[in-house]
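The values are calculated or read from the model by the stated rules, or taken from the named source; none is laboratory data. Given the structure is predicted, the values throughout are model-derived calculations rather than measurements. Glycine also receives a Cβ, built like all others from the backbone with ideal geometry; neighbour counts cover every protein chain displayed. Note: accessible area is taken over every heavy atom of the protein model, side chains too, but ligands, DNA and RNA are not part of it. Shrake-Rupley method; radii C 1.70, N 1.55, O 1.52, S 1.80 Å.
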Amino acid sequence: MPKYSIVVPLHNEQENVTELYDRLKAVMETTGAPFELVLVDDGSRDQTFVLLREIAAVDSRVTIVKLRRNFGQTSALAAGFDHARGEYIIAMDGDLQHDPADIPMFLEKIAEGYDIVSGWRKRRIDNLWLRRIPSRCANWLMARLSGVNIHDFGTTFKAYRREILENVPLYGELHRFIPALASWQGASICEVPIRNNNRERGNSHYGLSRTFRVFFDLITIRFLLRYLSRPLHFFGTIGAASMLGGAAIGFYLIADKVLHRTDMMSQHGPLMIFTAVLIIAGVQLLALGLLGDMQVRHYHEPAHRAPYAVQRVLRAQSEERTISE
């Protein structure tokens, strides 16, 4: 069994696949430990899978996972993690902006006993206004909301102990929040500075639409970290406040009616409607919280639906398998 697994998601990276493999192999062979490369083809439409299949044919340490379509980086990483067999797993991008020569730094920190080692692009070389400043603001916000004091949530370049990943659900854009989710379970985390290289070949797959997905996932993370095991505390607090507000206004209206014989419909019609909405909304939120508490018991059940569909897995000394979902 390999000690280290290098997981790399790839999407239309035919220009980088061969060089990436050569550099990864050269670095990992210097460690003297058994390793494997788990390369995930995330629905590429170019020659990426053809090149990966040729690599797997000549190197028994390479496992190729081909997804049926482009599921996105988080799902591709989840597929790679599920098929990795190493005690320690290193994840990185496949566009060579992450330098394989930095891997030994991650291995050193993992050997010191850390559960997660996160890369930190300390000196970024990309566009100041479009990438660096927004990224710095986003990382600051993520650190505050998640309670994990690291500088760079956005990079995929991280090393993990296997048992940490087994307890972290991955979907949406949650791969960048693995340290936050793992910290909730008591994982120890550190950072190492990594080189930030320019993409030399191929096209970037990052766009503005990802920013919105990350923002919504950040809200999800905040909720999961604080209220995963007690959703009633979240919905119940808001619901109780809404009901108390509605009740207070209702008592005022009743007192005004009794003491001053006020015509409620003509004088306070909109306020009566608002009172009813507050009370009904409060009851609904309390009910939602109770339903959430009832579902918490199922959170740790082992059965779950994977956020990807595998078409083929190529592994050494085994025939190519076709998996139908």
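Here the Karplus relation 6.51 cos²θ - 1.76 cosθ + 1.60, evaluated at θ = phi - 60°, turns the backbone of the range 155-165 into coupling constants of 6, 7, 5, 8, 10, 9, 7, 4, 5, 5, 5 Hz, with x for every Gly and Pro. Note on Arg230 and Asn149: their simple-model spin labels are 2.5 nm apart, each label 7 Å out from Cα toward Cβ. Working from label points 7 Å from Cα in the Cα-to-Cβ sense, the Ile254 to Thr237 distance is 2.9 nm. Simple spin-label estimate for Lys3 and Ala309 gives 4.0 nm between the two label positions (7 Å along the Cα-to-Cβ direction from each Cα). Computed extension gain for Arg195 through Asp99, at 0.36 nm per residue and net of the alpha carbon distance, reaches 33.9 nm. The residues of the range 1-40 expose on average 36 square angstrom of accessible surface per residue, using a 1.4 Å probe on protein heavy atoms.
What is the extension gain from Phe223 to Ala247, computed as 0.36 nm multiplied by their sequence separation minus the C-alpha to C-alpha distance, in nm to one decimal? Don't skip to the answer; put the middle values down first.
Numbers: separation 24, 0.36 × 24 = 8.64 nm, distance 2.81 nm.
Difference between extended and current length: 5.8 nm.
When a/c reaches 1.5 or more, the comparison of a/b and b/c decides; with that in mind, is the range 10-142 rounded, prolate or oblate per its Cα gyration tensor? It comes out oblate by the Cα gyration axes. When the trypsin sites (Lys or Arg not before Pro) in the range 37-99 are filtered for DSSP coil states and for at most 12 other beta-carbon atoms within 10 Å of their beta-carbon, the remaining sites are Arg45, Arg69. Estimated from the Cβ-Cβ distance and a Förster radius of 35 angstrom, the FRET efficiency linking Glu108 and Val58 is about 0.70.
May I ask you to derive the FRET efficiency for Phe274 and Gln185 from their Cβ-Cβ distance with R0 = 45 Å, giving the value to the nearest 0.05? If you can, show how the numbers build up before the last one.
Values: r = 43 Å, r/R0 = 0.96.
Computed FRET efficiency for Phe274 and Gln185: 0.55.
Give the calculated FRET efficiency between Asp263 and Val283 to the nearest 0.05, with a Förster radius of 35 Å applied to their Cβ-Cβ distance.
Working: r = 28 Å, r/R0 = 0.80.
After rounding, the FRET efficiency stands at 0.80.
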